[in-house]
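Before any comments, here is the structure.
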Amino acid sequence: MHTKHQKSTILIVDDAPANIDIVKDVLSSQYNLQAAINGPIALKIIDKKKPDLILLDIMMPEMDGYEVCEHLKNNDETKDIPVIFLTAKVDASNEMQGFKLGAVDYITKPISPLILLERVKTHLELKSIRDSLKHQNGRLENKVRERTQHIEELQNVTVVAMGAIAEARDPETGNHLKRTQQYVKLLAEKLQNHPKFAHFLTPDTIILLHKSAPLHDIGKVGISDKILLKPGKLSDEEFEEMKKHTTYGYEAINTAEKGMTDSDNFLYFAKEIAYGHQEKWDGSGYPQGLKGEDIPISARLMAVADVYDALISNRVYKPAFSHEKSIAIMKEGRGSHFDPDMLDAFLDIADDCHAIAQQFIDSEQELKLSASL
C-alpha cells in the first residue's frame, strides 16, 4: 500500500516505441514508469522489481501479450499484479480470452489520455484495497491463531490444576494422571482405523480425549479421607460411598461445562469419562450399570487405561503387580470388564504402555514394574 509520498510503478510493454512515448507523456507526472519493447525483456524487468500495474500490448513478436499475461498469472510472485491490455482491436472473443487469463481491463488504441489516467487510477486503487485487506486478514489470522493457542493453554492448565486437586487427596497415585493420559491417547490412536471406532476417533477427538483424561477421578475430592486412604478392603457401606466419586465428578464437570459457550469443548468428554470409567462391558459396573456399547467410547478407553495403571501401581489396599501379571488379569476381564475389541488393541500396545509406565514412574515409591510377585 503506497503513501502519499510514494509513487506507484507502472510497466509499459509495447513493441512500438511511439506507443510507449504516448503513455509516458500521459502518466510520467504521477507515476514511476518502466518500459519494455517485448515480452522477454518485460519478464526480466518484473523479476528484478515488481511493478504495481502493467500496461501490456497484445500483438507483439516473439511473445504476445496473452503469453506474457499467462506466465505472470501462473507465478505466485506475480499473479496479483493487475494487467491492462493495450490493443488496436477488441472483439468479444479477444476480451474473453484476456479476462480468462486474468487481465483486469482493456484499453483500445489510439489511447485516450483521460481514459488511460482513469483506468490506471481505478485499478491501482483496487489493488491497494486488496493489498490492505490481505494484510488485515493475515493479522486477523495470526490473532485467531494466538487466541486459539492461548485458550488451549488455559484448558491444559485447568485440567492439570483440577487433576492435581484430586491427586493431592490420594498421594499414592503419583504420576497416575500422566500415565493414564498417555495410555488413552495410545489406545485411541491404535483404534482410530478400526471399523467400530473410526467414525468417532478422529484426530481432533483424540486430542480432546487426551486433554480430558486426567479429570477421570476429579470426583474423589468429595470422598472422605477415611475411605479414600483406608488400607485394605472397604466395607460394603464404604464401597457404596466410594462409588459416588463418579457422580461427584460428573456433577462438578457438568457445572463447569454450563459456563462454556462451545458445545464441542473438551469438558464434554471429561464428563463422560468421569461418569462412565467404572462401568463394565457386562453391565456389572457403576454408577449406571451400563452394558456393552451403551457405555461411551471415551469411558471404555479410560476403563482399560485406569485398570492397567491401578494394577501396576502401589495402592493403600494392594502392592504393585508386575506388568506380566497385570496383563494376565486384564485378559481375564475381556468381554466382562472390558470391551473385547479395545482389550485386544490394548494387548497389541501393552509393551508401549509398559514403557510409558516406566517413563512416568512414581519417584517416591519403589515400583518394580518388571518384577514378578
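The values are calculated or read from the model by the stated rules, or taken from the named source; none is laboratory data. Here the structure is a predicted model, which is why all the values come from computation and not from measurement. Backbone-built Cβ (ideal geometry, glycine too); neighbour counts: all protein chains shown.
Take Ala252 and decide whether it is buried (at least 19 other Cβ atoms within 10 Å of the Cβ), in contact with a His (Cβ under 6 Å, 6 or more places away or on another chain) and assigned by TED's automatic domain parsing to the domain that holds Arg315. Working first, answer last.
Working: buried (at least 19 other Cβ atoms within 10 Å of the Cβ): yes; in contact with a His (Cβ under 6 Å, 6 or more places away or on another chain): no; assigned by TED's automatic domain parsing to the domain that holds Arg315: yes.
In short, no.
Only one of (1) modelled with pLDDT under 95; (2) under 24 Å from Gly333 (Cα atoms) is not met by Gly259, so which one is it?
Of the numbered conditions (1) modelled with pLDDT under 95; (2) under 24 Å from Gly333 (Cα atoms), the odd one out for Gly259 is (2).
Only helices (runs of 4 or more DSSP H) wholly contained in the range 282-348 count here; list those with 2 or more residues that are in contact (Cβ under 8 Å) with a residue 24 or more places away in the chain and surrounded by 22 or more Cβ atoms within 10 Å (Cβ to Cβ). Spell out how you get there, then give the answer.
Working: elements: 297-312, 323-332, 340-348.
By residue number, 297-312, 340-348.
Can you tell me which residues in the range 311-345 are in contact with a helix residue (DSSP H, G or I) (Cβ under 7 Å, 6 or more places away or on another chain) and hydrophobic (A, V, I, L, M, F, W, C)?
Leu311, Ile312, Val316, Ala320, Phe321, Ile327, Ile329, Met330, Phe338, Met342, Leu343, Ala345
Can you tell me which of (1) among the hydrophobic types (A, V, I, L, M, F, W, C); (2) surrounded by fewer than 20 Cβ atoms within 10 Å (Cβ to Cβ); (3) at pLDDT 90 or above is the one Phe269 doesn't meet?
Going through (1) among the hydrophobic types (A, V, I, L, M, F, W, C); (2) surrounded by fewer than 20 Cβ atoms within 10 Å (Cβ to Cβ); (3) at pLDDT 90 or above one by one, Phe269 breaks only (2).
Output the residues belonging to the range 165-211 that are touching a Gly at 6+ places or on another chain (Cβ under 9 Å) and at pLDDT 95 or above.
Those that are touching a Gly at 6+ places or on another chain (Cβ under 9 Å) and at pLDDT 95 or above: none in the range 165-211.
Whether any residue in the range 272-281 is crowded, with 23+ Cβ neighbours inside 10 Å, farther than 16 Å from His216 by Cβ, without any contact (Cβ under 8 Å) to a residue 60 or more places away in the chain and within 36 Å of the chain's Cα centre (by Cα) is what I want to check.
Looking for residues that are crowded, with 23+ Cβ neighbours inside 10 Å, farther than 16 Å from His216 by Cβ, without any contact (Cβ under 8 Å) to a residue 60 or more places away in the chain and within 36 Å of the chain's Cα centre (by Cα), one finds at least one in the range 272-281, hence yes.
I'm trying to understand the selection: among the residues of the range 109-136, which are of a type in the set (D, E, K, R) and farther than 22 Å from Thr78 by Cβ?
Step one: list which residues in the range 109-136 are of a type in the set (D, E, K, R), which gives 109, 118-119, 121, 125, 127, 130-131, 134.
Correct list: Lys109, Glu118.
Failed condition for Ile206, given (1) more than 22 Å from Ser313 (Cα to Cα); (2) touching a residue at least 24 places away in the same chain (Cβ under 8 Å); (3) buried (at least 18 other Cβ atoms within 10 Å of the Cβ), with all others met?
Among (1) more than 22 Å from Ser313 (Cα to Cα); (2) touching a residue at least 24 places away in the same chain (Cβ under 8 Å); (3) buried (at least 18 other Cβ atoms within 10 Å of the Cβ), the lone unmet condition for Ile206 is (2).
Counting only residues that are closer than 28 Å to Leu229 by Cβ and among the acidic types (Asp, Glu), how many does the range 276-328 have?
Counting residues in the range 276-328 that are closer than 28 Å to Leu229 by Cβ and among the acidic types (Asp, Glu) gives 3.
Looking at Leu114, Leu86, Leu124, Leu72, which one is surrounded by fewer than 11 Cβ atoms within 10 Å (Cβ to Cβ) and not polar (S, T, N, Q)?
On the way: Leu86 fails: surrounded by fewer than 11 Cβ atoms within 10 Å (Cβ to Cβ); Leu124 fails: surrounded by fewer than 11 Cβ atoms within 10 Å (Cβ to Cβ); Leu72 fails: surrounded by fewer than 11 Cβ atoms within 10 Å (Cβ to Cβ).
None of the other options fit; the residue is Leu114.
When you scan the range 19-36, do you find a residue that is closer than 23 Å to Leu117 by Cα, surrounded by 20 or more Cβ atoms within 10 Å (Cβ to Cβ) and among the small types (Gly, Ala, Ser), even just one?
yes
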